[in-house]
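Enquirer: There's a structure below that I have some questions on.
The values are calculated or read from the model by the stated rules, or taken from the named source; none is laboratory data. All values derive from a computational prediction rather than experimental measurement. No Cβ is skipped: glycine too gets one built from the backbone with ideal geometry, and neighbour counts run over all protein chains shown. The area values use the complete protein model at the heavy-atom level, side chains included, leaving out ligands, DNA and RNA. Shrake-Rupley method; radii C 1.70, N 1.55, O 1.52, S 1.80 Å.
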Amino acid sequence: MLHQRSAVAIAETIAKGEVSAVEVARAALARITSLDAGIHAFLYVDAEGALAAAASVDRARAAGHALGPLAGVPVAVKDNLCQRGTPTTCASKILEGWIAPYDADVIERLRAAGAVIVGKCNMDEFAMGSSNENSAFGAVHNPWLQGRAPGGSSGGSAAAVAAGFAPLSLGSDTGGSVRQPGSFCGLVALKPTYGRVSRYGLIAFASSLDQIGPFARDVRDCARITKVVAGHDARDATSADVPVADYEAALGKPVKGLRVGVVRDAVDGPGNEPGVKAAMAKAIDTLRALGCTIVDVALPTAEHAVSAYYIVAPAECSSNLARFDGMRFGPRIESGDLKETYGKTRAQLFGPEVKRRIMLGTYVLSAGYYDAYYAKAQKARTLIARDYAKAFESCDVVLTPTSPSVAFPLGAKTQNPLEMYLADVFTLPPSLAGLPAINVPAGLDQGLPIGMQLTAPAFREDLLFQVAHAYEQATEWKDLHAPIFSA
């Protein structure tokens, strides 16, 4: 079954001529057509573009040209990444019908690597949410169990890989929006170091936090796509001009002697479900058996991460989303007065969560409140980064759960925004510190996946892949797949 093959295996079989890229693309598109009605992972399927890209790969192979590392591999992308000639809506009514006039940097890199982009994935509106229920076009269902959340905001990108629609996808991670869906959907999911991957063409939510990151079913696939999309881009002023390591070369390196720092307050936290606590204890034992040295580390100010994030991120979103007023992008609600047109367009076409965050962000930036809230949140952010720097003096990577729970039922937290925000309690500290962090499947509870999060110093994604791959190969979770995957 083509949909059950890894991205690396697909690229190799296409390069050998054992299967054509067009055959692979057709199989992926047929599976999406057959099964996505019950998942709703996609907002737009680009069948014509995918088949054209696949045919181009086949022509290149027939001509004897060297193929890229993802030649013929189907890839899905989140609908906040601009892709020339395709709808890019951020799952919002305010961008409904808008066609992107250019490609994001990551889209250019995927095309150059020979990838076949099959469509744009559903998401929480403007990447604001932890369950994918904030999409203006309907919620995504977790492929592990319909009726459960796939995580957010990149829930569609995660569901597309978990359901076997594509072996790889891209999402965006501001406070956990790649790692938490990775945990809920049983996937390897990476938030790279801030600046490691260009944000050019990513429609901004919170510019000092946003990072594009991949989903994959195994660590090797994740390492390969990360190598493809990472690198300096002069069009992004925050893009780091730091050499990109050969991430696949890090796989298979021994981890004996590496120090894993365990944050006990997170691993044994009272808010964690019992299954999560048990899975983390077993994961620590596995890493110890692989030769890792387990040390306890503390992140004292991490307890302020949720509070700091929900000041910093809304403040930046209130600025970034000011451009969406019905004049330049998408539809508008006409009125006899320009100011009324602005107001009605934003009031009627933004969803409740987006409006909540815009109002909160505008408030904390207003005169008289900036120092009381925003400035203090930025100071807390600095202290969290210092906590990590201190922890890395005694360890190589930091271990926590990715989420305190398995995937919760759709609708369970929508009436309590604070409870929803706490779903990202473990993913927020690395985001605020700008550090790379990866989710690795670490077990099942109630038949649903549990994720382990590893965090490394800046630009040490190679170290994350090294430890994650060793752990993956030592456990039964390397073959963890949603029930729909076998269909």
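Enquirer: Evaluate segment 114-133: report whether one residue or more is open to solvent by 30 Å² or more (accessible area, probe 1.4 Å) and outside any helix (DSSP H, G or I). Quick ask: steps written out before the conclusion?
Expert: The first filter runs over segment 114-133 and keeps only residues open to solvent by 30 Å² or more (accessible area, probe 1.4 Å), leaving 133.
Next, from what is left, pick out any that are outside any helix (DSSP H, G or I): 133.
Among the residues of segment 114-133, at least one is open to solvent by 30 Å² or more (accessible area, probe 1.4 Å) and outside any helix (DSSP H, G or I), which makes the answer yes.
Enquirer: Scan segment 202-239 for residues that are aliphatic (A, V, I, L, M), in contact (Cβ under 8 Å) with a residue 40 or more places away in the chain and surrounded by fewer than 20 Cβ atoms within 10 Å (Cβ to Cβ) and jot them down. Don't jump to the end; show me each part of the working.
Expert: Our first condition is that a residue be aliphatic (A, V, I, L, M); within segment 202-239, this holds for 202-204, 206, 209, 212, 216, 219, 223, 225, 228-230, 234, 237.
From the residues that got through so far, the ones that are in contact (Cβ under 8 Å) with a residue 40 or more places away in the chain too are 202-204, 206, 209, 212, 216, 219, 223, 225, 228-230.
Correct list: empty.
Enquirer: May I pose another question? Output the residues belonging to segment 362-381 that are without any contact (Cβ under 8 Å) to a residue 12 or more places away in the chain, in a helix (DSSP H, G or I) and open to solvent by less than 70 Å² (accessible area, probe 1.4 Å).
Expert: Selection gives Ala372, Ala375.
Enquirer: While we're here: Return the residues of segment 441-487 that are within 12 Å of Val219 (Cα to Cα), in contact with a helix residue (DSSP H, G or I) (Cβ under 8 Å, 6 or more places away or on another chain) and either without any contact (Cβ under 8 Å) to a residue 60 or more places away in the chain or of a type in the set (Phe, Trp, Tyr) (or both); say none if nothing qualifies.
Expert: Phe465, Tyr471
Enquirer: Can you tell which of Ala423, Ala433, Ala391 is open to solvent by less than 30 Å² (accessible area, probe 1.4 Å) and touching a Pro at 6+ places or on another chain (Cβ under 8 Å)?
Expert: Details: Ala433 fails: touching a Pro at 6+ places or on another chain (Cβ under 8 Å); Ala391 fails: touching a Pro at 6+ places or on another chain (Cβ under 8 Å).
It is Ala423.
Enquirer: Being open to solvent by less than 10 Å² (accessible area, probe 1.4 Å), closer than 25 Å to Ile10 by Cα and outside any helix (DSSP H, G or I) is true for just one of Ser157, Ser169. Which residue is that? I'd like the intermediate steps shown before the answer.
Expert: On the way: Ser157 fails: outside any helix (DSSP H, G or I).
Going through Ser157, Ser169 in turn, just one is open to solvent by less than 10 Å² (accessible area, probe 1.4 Å), closer than 25 Å to Ile10 by Cα and outside any helix (DSSP H, G or I): Ser169.
Enquirer: Can you tell me which condition Ile284 does not meet? The list is (1) modelled with pLDDT under 95; (2) over 22 Å from Phe126 (Cβ atoms), and all the others hold.
Expert: The failed condition is (1).
Enquirer: What are the pairs with Cβ atoms under 6 angstrom where one residue, in segment 390-416, is touching a residue at least 12 places away in the same chain (Cβ under 8 Å) and closer than 16 Å to Ala189 by Cβ and the other, located anywhere, is surrounded by fewer than 19 Cβ atoms within 10 Å (Cβ to Cβ) and among the acidic types (Asp, Glu)? Sequence gap at least six, or different chains.
Expert: Val406/Asp445
Enquirer: Quick one: how many residues across segment 325-361 are on the phi > 0 side of the Ramachandran plot and open to solvent by less than 20 Å² (accessible area, probe 1.4 Å)?
Expert: 1
Enquirer: Would you mind listing the helices (runs of 4 or more DSSP H) fully within segment 207-307 where at least 2 residues are more than 22 Å from the chain's Cα centre (by Cα) and of a type outside the set (A, V, I, L, M)? Break it down stepwise before answering.
Expert: Numbers: elements: 219-229, 264-267, 274-289.
Because the criterion is at least 2 residues that are more than 22 Å from the chain's Cα centre (by Cα) and of a type outside the set (A, V, I, L, M), the helices (runs of 4 or more DSSP H) in segment 207-307 that meet it are 264-267, 274-289.
Enquirer: Oh, and also: Could you tell me how many of the residues in segment 54-101 are in a loop (DSSP other than H, G, I, E, B) and either open to solvent by 10 Å² or more (accessible area, probe 1.4 Å) or of a type in the set (D, E, K, R) (or both)? Outline the logic, then answer.
Expert: At the first step, the residues of segment 54-101 found to be in a loop (DSSP other than H, G, I, E, B) are 63-73, 79-80, 82-86, 88-92, 96-98, 100-101.
Restricting the remaining residues to those that are either open to solvent by 10 Å² or more (accessible area, probe 1.4 Å) or of a type in the set (D, E, K, R) (or both) gives 63-69, 79, 84-85, 89, 96-98, 101.
So the answer is 15.
Enquirer: Residue by residue through segment 444-487, note down the ones that are part of a strand (DSSP E or B), in contact with a Gly (Cβ under 6 Å, 6 or more places away or on another chain) and aliphatic (A, V, I, L, M).
Expert: Correct list: Ile450 only.
Enquirer: While we're on this one: Restricting attention to segment 245-280, report how many residues are among the aliphatic types (A, V, I, L, M), open to solvent by less than 50 Å² (accessible area, probe 1.4 Å) and either out of contact with any Phe, Trp or Tyr (no Cβ under 9 Å at 6 or more places or on another chain) or without any contact (Cβ under 8 Å) to a residue 40 or more places away in the chain (or both).
Expert: Just the residues of segment 245-280 that are among the aliphatic types (A, V, I, L, M), to begin with: 245, 249-251, 255, 258, 260, 262-263, 266-267, 276, 278-280.
Then keep just the ones that are open to solvent by less than 50 Å² (accessible area, probe 1.4 Å); that gives 245, 250-251, 255, 258, 260, 262-263, 266-267, 276, 279-280.
Subset that is either out of contact with any Phe, Trp or Tyr (no Cβ under 9 Å at 6 or more places or on another chain) or without any contact (Cβ under 8 Å) to a residue 40 or more places away in the chain (or both): 258, 260, 262, 267, 276, 279-280.
Of the residues in that region, 7 qualify.
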